[in-house]
Amino acid sequence: MIAPVAADLLPRSAQHNPVRLLRLIQGITSHLVVGVIGLIVIGGTTRVMEAGLACPDWPLCYGSLLPGKQMNLQVFLEWFHRLDAFLVGLALLALNVIVVLRRSFLPHWLPWCTMTALFLVAFQGALGALTVTSLLASMSVTAHLGTALVLLLHLGATDQALRCHRQTHDPGDSPQPFPPRLPSWWWPLPLTVIVVLLAQCLVGALMASQWAADRCLDWGDSCYLLTNHRLLAYPVLLGLLFMAIGAAFLPGSHRMLKSFSFLAAAFGWGQVLIGRFNLTVHLGIPWITVTHQFIAALLVALLGAAIGRTLLMTSNAWPDQGGVDFG
Ligand code: HEM
């Protein structure tokens, strides 16, 4: 019943035109990437404003969809966080219906990618419920941020792989020769950096969910988490630096990969400076902590984008015909 209705909802131009269909789907994945970054930032603000339990029940807030009577800044943050999560879930559901119905026009890997994203978002929702029912237990808060980052990584990779795939089918208004297959020395770089980066984010989340940095600065207690977080910043920075140097040696037509790598290296340095500044001000300025989390999300999204391009452009699915002009 729902399938034909969803298919009819597609713009007429996208229903039988694979290029328009790809554009539509990629429009949705790009918006999802922005939506999940927003979700992570609002989640960080909710934690910093100590609003994690502002809605004591789940999935409703004070038993209603819009808790007008109880509304204040903290309730608004927690309520808005849930609303954004709901919209991301709904968009992913719609995306899956479109992709499954039109799979014969789409790359064979896409349904797997969208279904994995849907599974991750359902798991994330369950973890969100657990953070409320466990009264913000450190492990569930950390797992909640960790899953959000994995979802962002996955969506960033899917979005860019789709963009690359479209490039080989849709030359657009100004046809360009598409880039050659990536050299085999490149792929270990972004894959290694993402492992260290995610580990760093998890240590950061463990620290934040236990207020360990505050406790260390105030009473010299639980300092091992802060020490490990500071130490892990070195391999992250080194990895980002190697990736940027590697990107400089890629053929000039891999412009997007180069931009992602250079941007990630710059954000990595910015992240360290903000982290250090946050300690100097004894975590006293909430928006500095939120900015630290925002840049962590941007780094994960950039690495995801680089990994999506890398996986497609090193695979056999990528036509190794650098220099072919689609015009
Ligand atoms: C490139 C490396 C870094 C990444 C990717 C990173 C990432 C993160 C993440 C994801 C969090 C959890 C945020 C939250 O849940 O609110 C965090 C927390 C934190 N980070 Fe980093 N971080 C990095 C480097 C640093 C450095 C070098 C310092 C300090 C010298 C630092 C200081 C802190 C502090 C103090 C917190 C805890 C904030 C709180 O308790 O509210 N970070 N970091």
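Values for this structure:
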item	result
Residue identified as among the aliphatic types (A, V, I, L, M) and surrounded by fewer than 17 Cβ atoms within 10 Å (Cβ to Cβ) among L110, L106, L83	L83
So S259, is it in contact with a Pro (Cβ under 8 Å, 6 or more places away or on another chain) and surrounded by fewer than 17 Cβ atoms within 10 Å (Cβ to Cβ)	no
Residue in the stretch 286-295 that is polar (S, T, N, Q) and farther than 21 Å from I40 by Cα present	no
Matching residues, the stretch 292-315, being more than 10 Å from the ligand (Cβ to nearest atom) and free of Cβ contacts under 8 Å to residues at least 40 places away in the same chain	S315
Matching entry among S261, S253 (being touching a residue at least 12 places away in the same chain (Cβ under 8 Å), part of a loop (DSSP other than H, G, I, E, B), more than 14 Å from the ligand (Cβ to nearest atom) and not assigned by TED's automatic domain parsing to the domain that holds C164)	S253
Test for T227: is it in a helix (DSSP H, G or I) and over 30 Å from T45 (Cβ atoms)	no
Any pair with Cβ under 7 angstrom, 6 or more apart, that starts in the stretch 120-143 at a residue that is in the same structural domain as T46 (by TED's automatic domain parsing) and among the hydrophobic types (A, V, I, L, M, F, W, C) and ends at one that is away from the ligand (no atom under 16 Å from the Cβ) and assigned to a helix (DSSP H, G or I)	L120/H154; V121/V88; V121/G89; V121/L92
Residue in the stretch 102-120 that is modelled with pLDDT of 95 or more, under 19 Å from L202 (Cα atoms) and in a helix (DSSP H, G or I) present	yes
Hits in the stretch 174-223 (condition: of a type in the set (K, R) and either away from the ligand (no atom under 14 Å from the Cβ) or at pLDDT 95 or above (or both))	R181
Hey, I245 hydrophobic (A, V, I, L, M, F, W, C) and either surrounded by 22 or more Cβ atoms within 10 Å (Cβ to Cβ) or closer than 23 Å to G204 by Cα (or both) or not	no
Top-ranked residue of the stretch 257-274 - restricted to ones that are among the aromatic types (F, W, Y) and over 16 Å from the mean Cα position of the chain (by Cα), ranked as farthest from G304 (Cα to Cα)	W269
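Residue-by-condition table, conditions (1) in the same structural domain as N96 (by TED's automatic domain parsing); (2) modelled with pLDDT of 90 or more; (3) away from the ligand (no atom under 16 Å from the Cβ); (4) within 28 Å of the chain's Cα centre (by Cα):
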| position | (1), (2), (3), (4) |
| --- | --- |
| V19 | yes, no, yes, yes |
| I42 | yes, yes, no, yes |
| A54 | yes, no, yes, yes |
| G63 | yes, no, yes, no |
| L66 | yes, no, yes, yes |
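The values are calculated or read from the model by the stated rules, or taken from the named source; none is laboratory data. Everything numeric here is computed off the predicted structure, so don't read it as measured data. So basically every Cβ, Gly included, is an ideal-geometry build from the backbone, and we count neighbours across all protein chains shown.
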